[in-house]
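*Asks:* Quick one: the structure is below, and I'll ask about it shortly.
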Amino acid sequence: MTPLTFSSSADAPREAARLVARTIRLDADTLARLPGGVSALAGDDARVWMHPSAQLIAHGVAARLELPHGVEGGVAWIREVLSSIGAADAVGRPGCGPVALGALPFDRTEPAALIVPAQLVGMAPDGTAWVTTIGEGAAPAPHLERARAEAHRRSPDSFTLRSALPHDEWCARIAHAVADIQRGDLSKVVVARAVDVEANRPIVVEEVLRRLTALYPSCAIFHFDGFLGASPELLLSRRARAVSSHPLAGTYAVSADVDADRRFSEVLRKSAKDQREHRFVVEAVAAALGPECASLDVPSEPSILSLRNVMHLGTSIHGQLRETAPDALTLAARLHPTPAVCGTPRGAAEAWLVAHEGIRRGLYAGLVGWVDARGDGDWFIGIRSATVDGARARMVAGVGVVAGSSPEAELVETQLKLQAMLAAIIRP
C-alpha cells in the first residue's frame, strides 16, 4: 500500500477516513514465540518506543502526518486525523487503535512529520499485548517476525571520535554565556556539544537498542529513522484526565561507592546553582500546565533521579486535566522547549543559541513519543541520544548555564552525559 500523506489541511480528516485500524489481543502462544516480549521485534527497520509505561514497536507506514511549519504551526489536527480513521479495537488500552509516533525537532518552526504505522505491536505494563494493523478499506492481517541481525552484518570494532568543536573553543562559548547572563541578557541558556563517531562498519541499530535497554531500563528507549537514545526526561504523559511531567535539571556524577553517592546527592540537593537551574524548569512546566488542569501537584522540593552514570534533580508533577483539555501531543508542544533544554526567558535563550551555539540540533532535545486517537500518549525530551547514519553517528549533550557556571565543570558534565550513548555504540 502506498502511504497516504496528510498535512494540516481541512481535508486531512476526510482523507483519513479511507483507513481502517484493527486491534487484536496477542495470546500467550504468540508471545511465547517472542522471547523477551515485543522488544524482540525491534530490528533496524522498526520504529521503537520502549518504556515501563508502554512498549510500541512499529513497522511500515500507513500515513505520514506532515508539519510543514513544525509544531509552531499547530498539532491539534493530528488527533482529529487519528479519530477519523475507522477503528475496531478489541483491547482498548492506551496505544491501541490508530497511533501517531515519531520524533520532532528542537526548533519549533522546523518542518517535521509523524508516522501512523501500518503495523504496531504493543505491550502494557501488566503484560497485555496487542497488534494493530492499518490499511485502506480492510486492515491487513498482522505479520509478526522476530528481528534477526543478518549473518553478514558484523558489528564495527574500530572507532574514531572527534568533537565538533575543540574543548577550548566550546569552553569559551560557555564563558560568553555566563557573561551575558551576569549582564542580565537572560537567566539561563542550555548549550549543547556534539561529538562525532566514525566506525569501520555500519552501526547495528538493533544491538545499540538492546544495550540501551539493559543499561537504562527506567528510561524511554527510542528509535525513529536513525535517531535513537535513552531519555530519562518525561515532558508530558497523559492517560485520560491524568497528566504528569518529570522535569530534570541539575547533574552530578554517580560513582561505584554507595556511601559516596549518598553524599554526592546531598551536595546536589544543597547546590544553589543547581537548585536555581532546576527551579526555572519546574516553574515553566507548572505555568504551562496549570491553566489546563483542575488540580496540579507541584512538590516544593526536588528529589534525586539516579541513573547508571549520573544523578539529576527531578520534580514529579501530577495533575488532573479539565474535561476540555487537549491531547498529549498538543500539551507537549505547548511545553516545548522547556528551560531544561533551551533556557529562560525562552526567546532570549533561543536567540542566543542561534547566534552562538554553533551546531544544528535537529532532533536532539526535541520531542519523542506517541499519541493515540483518545488523546493519550507519552512525550519525552530527545536527550541522551544520537543520530546514526551507516558507520557514522553524532552524539549531542547539553548543559544548563546560569550565573556562576564554570566552563570546565560544564565540559565535564557533557562528558558524563555522553557516556550513555558511548557505552551503547562503541564496543571495541
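The values are calculated or read from the model by the stated rules, or taken from the named source; none is laboratory data. Since the structure is predicted, the reported quantities are computational estimates derived from the model, not experimental observations. Here Cβ is always computed from backbone atoms with ideal geometry, including for glycine, and neighbour counts include all displayed protein chains. Ligands, DNA and RNA are stripped out before the accessible areas are found, and what is left, the full protein with its side chains, is counted by its heavy atoms. Shrake-Rupley method; radii C 1.70, N 1.55, O 1.52, S 1.80 Å.
*Asks:* Going residue by residue through segment 356-370, is there one that turns out to be open to solvent by 10 Å² or more (accessible area, probe 1.4 Å), among the hydrophobic types (A, V, I, L, M, F, W, C), in contact (Cβ under 8 Å) with a residue 40 or more places away in the chain and within 25 Å of SER163 (Cβ to Cβ)?
*Replies:* Looking for residues that are open to solvent by 10 Å² or more (accessible area, probe 1.4 Å), among the hydrophobic types (A, V, I, L, M, F, W, C), in contact (Cβ under 8 Å) with a residue 40 or more places away in the chain and within 25 Å of SER163 (Cβ to Cβ), one finds at least one in segment 356-370, hence yes.
*Asks:* So VAL388 passes all but one of these: (1) touching a Pro at 6+ places or on another chain (Cβ under 7 Å); (2) over 22 Å from GLY250 (Cβ atoms). Which condition number does it fail?
*Replies:* Against the list (1) touching a Pro at 6+ places or on another chain (Cβ under 7 Å); (2) over 22 Å from GLY250 (Cβ atoms), VAL388 comes up short only on (1).
*Asks:* Tell me, which residue of segment 264-280 that is of a type in the set (Lys, Arg) and surrounded by 11 or more Cβ atoms within 10 Å (Cβ to Cβ) is nearest to LEU307 (Cα to Cα)?
*Replies:* Top of the filtered list is ARG269.
*Asks:* For segment 6-112, which fully contained strands (runs of 3 or more DSSP E) count at least 1 residues that are surrounded by fewer than 23 Cβ atoms within 10 Å (Cβ to Cβ)?
*Replies:* 19-25, 47-51, 54-59, 63-67, 86-89
*Asks:* Okay, moving on. Looking only at segment 306-324, count every residue that is out of contact with any helix residue (DSSP H, G or I) (no Cβ under 7 Å at 6 or more places or on another chain) and either β-branched (Val, Ile, Thr) or open to solvent by less than 40 Å² (accessible area, probe 1.4 Å) (or both) and tell me the total.
*Replies:* Qualifying residue count for the region: 4.
*Asks:* Return yes or no: is GLY362 closer than 24 Å to ALA54 by Cβ, modelled with pLDDT of 95 or more and small (Gly, Ala, Ser)?
*Replies:* Considered against the rule, which asks whether it is closer than 24 Å to ALA54 by Cβ, modelled with pLDDT of 95 or more and small (Gly, Ala, Ser), GLY362 comes out as no.
*Asks:* A further question follows. Could you list, ordered by first residue, the pairs with Cβ atoms under 7 Å in which the first is in segment 281-297 and farther than 15 Å from LEU235 by Cβ and the second is in a strand (DSSP E or B) and of a type in the set (Gly, Ala, Ser), at least 6 apart or interchain?
*Replies:* CYS293/GLY319; SER295/GLY319; LEU296/GLY319; ASP297/GLY319
*Asks:* If you don't mind, another one. Taking the condition acidic (Asp, Glu) and either in contact (Cβ under 8 Å) with a residue 40 or more places away in the chain or in contact with a helix residue (DSSP H, G or I) (Cβ under 8 Å, 6 or more places away or on another chain) (or both), does GLU136 pass?
*Replies:* Here the answer is yes, as GLU136 does meet what is asked.
*Asks:* Return the residues of segment 394-419 that are over 20 Å from HIS167 (Cβ atoms) and either assigned to a strand (DSSP E or B) or open to solvent by less than 10 Å² (accessible area, probe 1.4 Å) (or both); say none if nothing qualifies.
*Replies:* Of everything in segment 394-419, just one residue is over 20 Å from HIS167 (Cβ atoms) and either assigned to a strand (DSSP E or B) or open to solvent by less than 10 Å² (accessible area, probe 1.4 Å) (or both), namely VAL402.
*Asks:* Please list, ordered by residue number, the strands (runs of 3 or more DSSP E) wholly in segment 159-245 having 2 or more residues that are among the small types (Gly, Ala, Ser), open to solvent by less than 30 Å² (accessible area, probe 1.4 Å) and farther than 27 Å from PRO345 by Cα.
*Replies:* Of the strands (runs of 3 or more DSSP E) lying wholly inside segment 159-245, those with at least 2 residues that are among the small types (Gly, Ala, Ser), open to solvent by less than 30 Å² (accessible area, probe 1.4 Å) and farther than 27 Å from PRO345 by Cα span 227-231.
*Asks:* Of everything in segment 126-141 that's open to solvent by 50 Å² or more (accessible area, probe 1.4 Å) and in a loop (DSSP other than H, G, I, E, B), which residue is modelled with the highest pLDDT?
*Replies:* Among those residues, the one meeting the criterion is ASP126.
*Asks:* Let me ask something else. Identify the residue in segment 383-393 that is part of a strand (DSSP E or B) and touching a Lys or Arg at 6+ places or on another chain (Cβ under 7 Å) and, among all such residues, is surrounded by the most Cβ atoms within 10 Å (Cβ to Cβ).
*Replies:* That would be ALA386.
*Asks:* Quick check on segment 250-263: of everything there that is in a loop (DSSP other than H, G, I, E, B) and either more than 21 Å from ALA397 (Cβ to Cβ) or of a type in the set (Val, Ile, Thr) (or both), which residue is least open to solvent (accessible area, probe 1.4 Å)?
*Replies:* The residue in question is VAL254.
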